[in-house]
Amino acid sequence: QVQVVESGGGLVQPGGSLRLSCAASGSIVRIYAMGWYRQAPGKQREWVATITSGSSTNYADSVKGRFTIYRDSAKNTVYLKMNSLKPEDTAVYYCNANVLRTVTLTRGDYWGQGTQVTVSS
């Protein structure tokens, strides 16, 4: 079993900041990459940012320069620091972990349950 758990969402005013956390645990041999996605009401889930095991990062154009993804490898945890938040950033944010599992030695994607971020005055 692999568990992915997000935390840190909430209500923030436009221009404010939030930090999301995501921890992966369980039957993991190796984490290849972790990333954040988001889904706004009535819209499809979209990719936000990814960080690889080598600490390479990539961002969607809509968040580049405002969001920062970073990780604590010892804790299998990734963070998303969100600055200069806009109302259009309102969404449920999901964490994804691409891992190699123990026992079966299979690689797969695992998702958290999501955390709500609301940007509103």
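The values are calculated or read from the model by the stated rules, or taken from the named source; none is laboratory data. The structure presented is a predicted model; accordingly, all values stated were derived computationally and were not measured. All Cβ positions, even for glycine, are placed from backbone atoms using ideal geometry, and neighbour counts span all protein chains on display. Surface accessibility is based on the protein's heavy atoms, side chains included, excluding ligands, DNA and RNA. Shrake-Rupley method; radii C 1.70, N 1.55, O 1.52, S 1.80 Å.
Annotations for the structure displayed:
- For the range 73-85, the set of residues classified as part of a loop (DSSP other than H, G, I, E, B), more than 15 Å from residue 5 (Cα to Cα) and in contact with a strand residue (DSSP E or B) (Cβ under 6 Å, 6 or more places away or on another chain) consists of 85 only.
- Here residue 45 passes the criteria (1) of a type outside the set (Val, Ile, Thr); (2) within 14 Å of the chain's Cα centre (by Cα); (3) modelled with pLDDT under 95 except the one numbered (3).
- Evaluated against (1) surrounded by fewer than 17 Cβ atoms within 10 Å (Cβ to Cβ); (2) under 24 Å from residue 42 (Cα atoms); (3) not hydroxyl-bearing (Ser, Thr, Tyr), residue 80 falls short on exactly one condition, (1).
- Every residue from the range 9-60 that is touching a Leu at 6+ places or on another chain (Cβ under 9 Å), within 15 Å of residue 90 (Cβ to Cβ) and of a type in the set (Gly, Ala, Ser): 9, 10, 15, 16, 17
- Strands (runs of 3 or more DSSP E) wholly inside the range 1-72 that include at least 2 residues being touching a residue at least 40 places away in the same chain (Cβ under 8 Å) and among the aromatic types (Phe, Trp, Tyr): 28-39
- Within the range 110-121, the residues that satisfy the criterion of being in a strand (DSSP E or B), open to solvent by 40 Å² or more (accessible area, probe 1.4 Å) and among the polar types (S, T, N, Q) are 116, 118.
- Residues of the range 92-109 that are open to solvent by 40 Å² or more (accessible area, probe 1.4 Å) and either under 19 Å from residue 48 (Cα atoms) or not in a strand (DSSP E or B) (or both): 102, 103, 104, 105, 106, 109.
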